[in-house]
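A.B. asks: Please see the structure below; I have some questions.
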Amino acid sequence: MNPGFRMKKTSLQPAARVTVRNIAEAAGFTIGTVSTILNNRHVERRIPLETVEKIRAVAARLGYLPDIGARRLRSGTGLKHNIVIAFITSFEAPLGVINQFVSALRQAAATGPRGPHERTFSLLVEMFAAGQLRELPGLLTGDHFNAALIANTTPADDQFLGRVHLPFPVVLINRHVPGYACVVEDLSSGGRAAGVLIRAKRTRLAVLHGRPLTQITQARVDSFMAASARQLGRPAQVIEAGSLSETGAHDAMARFLTAGGECDAVYAVTDSLALGAYHAIKRQKLGIPDDIALVGVGDYETAPFFDPPLTCVGVPRAEFGAAAAGLLLQRLANPGATCERQDLPVQVVLRESTGHGG
């Protein structure tokens with residue numbers, strides 16, 4: 001450590017909430033004046049710019065944050081009619097479906113039936129360390145959100161969910177736990193990917209996955225391995241990355257090739273892993289698909305913009321978002337209904353990464 005560097009100890013205790021009254025006392029103005037400026041109504045009230053700047057500076061120095069709950073109560077849109085939905089996922093996993101979920105939720109809410117008291121929706125993104133879902137604040141009490149969409153859980157998280165009861169509507173994405181509503185892709189997707197590669201005359205297959213494996217990524221690996229062994233008479237090779245990131249996939253693929261590993265096709269169980277594999281293959285002066293063909297999963301919006309465009313086998317993200325949003329709204333409208341499992345069919349999108357035309 002640099003001998004001239006000193007770390008300053010700071011308290012981890014949460015500071016008390018700064019109120020409008022605190023700001024008024026520190027700035028020397030009335031509570032009404034401070035409130036008007038913080039609500040950006042100073043122009044219509046003709047408050048001098050010098051006063052506005054002074055109060056804003058005091059608010060920033062004190063660390064003022066608006067009290068959202070109080071504002072909702074004042075505006076008449078409190079929790080009685082506003083549904084706070086949490087999108088819960090692990091830090092280690094990409095947020096692949098959240099954009100589509102938000103879009104589908106807005107569409108479903110806009111076109112749904114209108115009652116005398118319309119519901120509004122707020123969305124939180126809550127994240128947890130893989131395997132530590134049980135540590136997420138508010139999960140067991142329901143005091144942080146009113147409904148949840150949960151994705152990217154590990155087997156340990158799934159076991160936890162199976163032991164507890166969550167006091168609000170929940171939809172699980174791409175995992176099935178008894179007692180929960182869920183949307184799940186066809187578990188044969190890995191086998192479909194193997195079929196695409198074998199029909200492209202590839203005989204030395206490999207599967208690339210990261211850690212931790214989830215219920216669905218394990219199913220993709222298993223079905224790919226089984227189909228490879230059944231159709232080629234031998235199992236595919238396994239390339240394991242230490243993480244779910246593009247960097248982890250790049251490093252794992254580079255190690256495999258540098259150590260003399262040979263394959264003419266790779267099935268990456270997520271598109272983010274496929275992107276890392278692309279760069280590792282190209283840095284070894286190998287061509288895609290001439291030397292190594294690649295298949296990814298899920299057909300993210302970026303898949304057509306890979307170089308070359310990526311062949312994908314899986315459920316499009318937009319379909320996952322629409323199915324999850326619709327099922328969650330059903331659970332909110334009928335909380336006592338039987339938990340439903342929706343199985344989504346896998347689609348194959350052929351592109352240049354497996355030698356197919358665009």
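A.B. asks: Taking the range 316-334 only, how many residues are over 15 Å from the mean Cα position of the chain (by Cα) and part of a loop (DSSP other than H, G, I, E, B)?
C.D. replies: Going through the range 316-334 one residue at a time, the tally reaches 1.
A.B. asks: Sticking with this structure for a sec: Mind checking whether some residue in the range 208-215 is touching a helix residue (DSSP H, G or I) at 6+ places or on another chain (Cβ under 6 Å) and modelled with pLDDT of 95 or more?
C.D. replies: Within the range 208-215, one or more residues are touching a helix residue (DSSP H, G or I) at 6+ places or on another chain (Cβ under 6 Å) and modelled with pLDDT of 95 or more.
A.B. asks: Further, regarding this structure: Could you list, ordered by first residue, the pairs with Cβ atoms under 7 Å in which the first is in the range 210-225 and in contact (Cβ under 8 Å) with a residue 12 or more places away in the chain and of a type in the set (S, T, N, Q) and the second is assigned to a helix (DSSP H, G or I) and open to solvent by less than 10 Å² (accessible area, probe 1.4 Å), at least 6 apart or interchain?
C.D. replies: As it stands, the answer is 223/189; 223/190, since those pairs meet every condition given.
A.B. asks: Also: Please determine, by comparing only the residues of the range 195-205 that are surrounded by fewer than 24 Cβ atoms within 10 Å (Cβ to Cβ) and within 29 Å of the chain's Cα centre (by Cα), which one is nearest to residue 290 (Cα to Cα).
C.D. replies: Checked the range 195-205; the qualifying residue nearest to residue 290 (Cα to Cα) is 196.
A.B. asks: Looking only at the range 238-275, which residues are among the small types (Gly, Ala, Ser), crowded, with 19+ Cβ neighbours inside 10 Å and in contact with a strand residue (DSSP E or B) (Cβ under 8 Å, 6 or more places away or on another chain)?
C.D. replies: 241, 249, 252, 265, 268, 274
A.B. asks: Taking the residues in the range 160-191 that are of a type outside the set (A, V, I, L, M, F, W, C) and crowded, with 21+ Cβ neighbours inside 10 Å as candidates, determine which candidate is farthest from residue 246 (Cα to Cα).
C.D. replies: 169
The values are calculated or read from the model by the stated rules, or taken from the named source; none is laboratory data. Just so we're clear, the structure is a prediction, and the values are computed from it rather than from any experiment. No Cβ is skipped: glycine too gets one built from the backbone with ideal geometry, and neighbour counts run over all protein chains shown. Note: accessible area is taken over every heavy atom of the protein model, side chains too, but ligands, DNA and RNA are not part of it. Shrake-Rupley method; radii C 1.70, N 1.55, O 1.52, S 1.80 Å.
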